[in-house]
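Please read the structure below before turning to the comments.
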Amino acid sequence: MTVAALSAYNLGHAYGDIVALHHLDVEVPPGRIGLVGANGAGKTTLIKVLLGILTPTVGRVEVLGVDPADDLIGVRSRIGYMPEGECLPKDQTAADFVSYAAELAGVPPTESRQRASDILTMVGLHEERFRYLGDFSTGMKQRAMLAQAIVHDPEMVFLDEPTAGLDPAGREEMLDLISRLGGFGINVLVSSHVLPDIEQTCDWVVMLDGGRVLRSGPISGLTETGVVELEVVDSIDLVAAELRRTGATVETTGEVLTITSSPGDPFLAARDALAATDVSLRRLGARSTTLEDIFLGEVPDDE
């Protein structure tokens, strides 16, 4: 049986009178996971609970099947963490810093220097590895923080707002690196309030709002609408009439016809209608929605 990457059971956490997490119950399979929500939704608090930095007020969590409260060192040895915000020592070189991070995670000193060099090369900092971190640009600092999070070859890595402060080119480079991590067998949790970043990099999404779970599920299942659109060259009314004859519900706008429901497969219905009417097709595809649309639809009006 596959062990869940992350699990929360009646999880709650409060900072005094301020409740950050409200009785979360969620189980997430291995893979690339997006943790989304507005600033203050509880994302960073949840990550710190998963890391064992914070102790839950109520409930419990598991990371890769282990509760940090039962084996904190064991959990931390299997995960990496890229925190939000700049936290790098300005007077150290990237090579020294990442090598030191490897040793802290248990990599033997004789191997840490080579491991640091390999990881810095992977994140695009090979030429800059002997430069001081204080001289790095924002994008270079973000990549250095990613390098220290994965230098010990963890089973899972937590990335808290990894594209924060990056320009468009730097953002795309970071998203590409995140996408590649899954190919190395590393489970990834990406926390972000930028929903397109999650759509681009993740397979599963957990939506938080006000410390509560709005949705949890595979992105493909959330964004698929079951609606099919086809654009024809002409005679759209003939195609629409043929589809309605077979029991489909359709709408037309210009030369675009939308099948909102059908007795069978809507793609097959569209094919058969085009064949019956001898109308030429310009475009056919499924309509999808975005995580932003889903999130806005789930958030209560008074939020």
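The values are calculated or read from the model by the stated rules, or taken from the named source; none is laboratory data. Small disclaimer: the values here were computed from a predicted structure and weren't measured. Cβ: placed from backbone, ideal geometry, glycine included. Neighbour counts: every protein chain shown.
Summary of computed values
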item: Residue that is farthest from Thr44 (Cα to Cα), among those in region 182-220 that are more than 12 Å from the chain's Cα centre (by Cα) and of a type in the set (A, V, I, L, M); result: Ile186
item: Residue that is hydrophobic (A, V, I, L, M, F, W, C) and touching a helix residue (DSSP H, G or I) at 6+ places or on another chain (Cβ under 7 Å), where the choices are Leu268, Leu214; result: Leu214
item: Hits in region 106-138 - residues which are buried (at least 19 other Cβ atoms within 10 Å of the Cβ) and within 25 Å of the chain's Cα centre (by Cα); result: Ile119, Leu120, Val123, Leu125
item: Boolean, Gly183 is of a type outside the set (A, V, I, L, M), free of Cβ contacts under 8 Å to residues at least 40 places away in the same chain and closer than 27 Å to His152 by Cβ; result: yes
item: Qualifying residues in region 77-116 (those that are modelled with pLDDT of 90 or more and among the charged types (D, E, K, R)) - the one nearest to Ser137 (Cα to Cα); result: Lys90
item: Single residue of region 108-157 satisfying the filter (β-branched (Val, Ile, Thr) and in contact (Cβ under 8 Å) with a residue 12 or more places away in the chain) that is nearest to Asn187 (Cα to Cα); result: Val157
item: Number of positions in region 198-214 that are out of contact with any Asp or Glu (no Cβ under 8 Å at 6 or more places or on another chain) and touching a residue at least 60 places away in the same chain (Cβ under 8 Å); result: 11
item: The one condition in (1) in contact with a Pro (Cβ under 7 Å, 6 or more places away or on another chain); (2) without any contact (Cβ under 8 Å) to a residue 40 or more places away in the chain that Asp17 fails to fulfil; result: (1)
item: Some residue of region 48-64 being closer than 28 Å to Gly183 by Cβ, surrounded by 20 or more Cβ atoms within 10 Å (Cβ to Cβ) and out of contact with any helix residue (DSSP H, G or I) (no Cβ under 7 Å at 6 or more places or on another chain); result: yes
item: Criterion (touching a strand residue (DSSP E or B) at 6+ places or on another chain (Cβ under 9 Å) and closer than 30 Å to Pro29 by Cα) met by exactly one of Ala164, Ala144; result: Ala164
item: Filter pass, Tyr81 being in contact (Cβ under 8 Å) with a residue 12 or more places away in the chain, part of a helix (DSSP H, G or I), in the same structural domain as Pro29 (by TED's automatic domain parsing) and hydroxyl-bearing (Ser, Thr, Tyr); result: no
item: Residue list for region 236-249, restricted to those being surrounded by 15 or more Cβ atoms within 10 Å (Cβ to Cβ) and closer than 18 Å to Ser280 by Cβ; result: Ile236, Leu238, Val239, Ala240, Glu242, Leu243
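Okay, residues lined up against (1) outside any strand (DSSP E or B); (2) closer than 17 Å to His152 by Cα; (3) touching a Ser or Thr at 6+ places or on another chain (Cβ under 8 Å); (4) basic (Lys, Arg):
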position: Gly59; (1), (2), (3), (4): no, no, no, no
position: Glu62; (1), (2), (3), (4): no, no, yes, no
position: Val75; (1), (2), (3), (4): yes, yes, no, no
position: Cys87; (1), (2), (3), (4): yes, no, no, no
position: Asp91; (1), (2), (3), (4): yes, no, no, no
position: Tyr100; (1), (2), (3), (4): yes, yes, yes, no
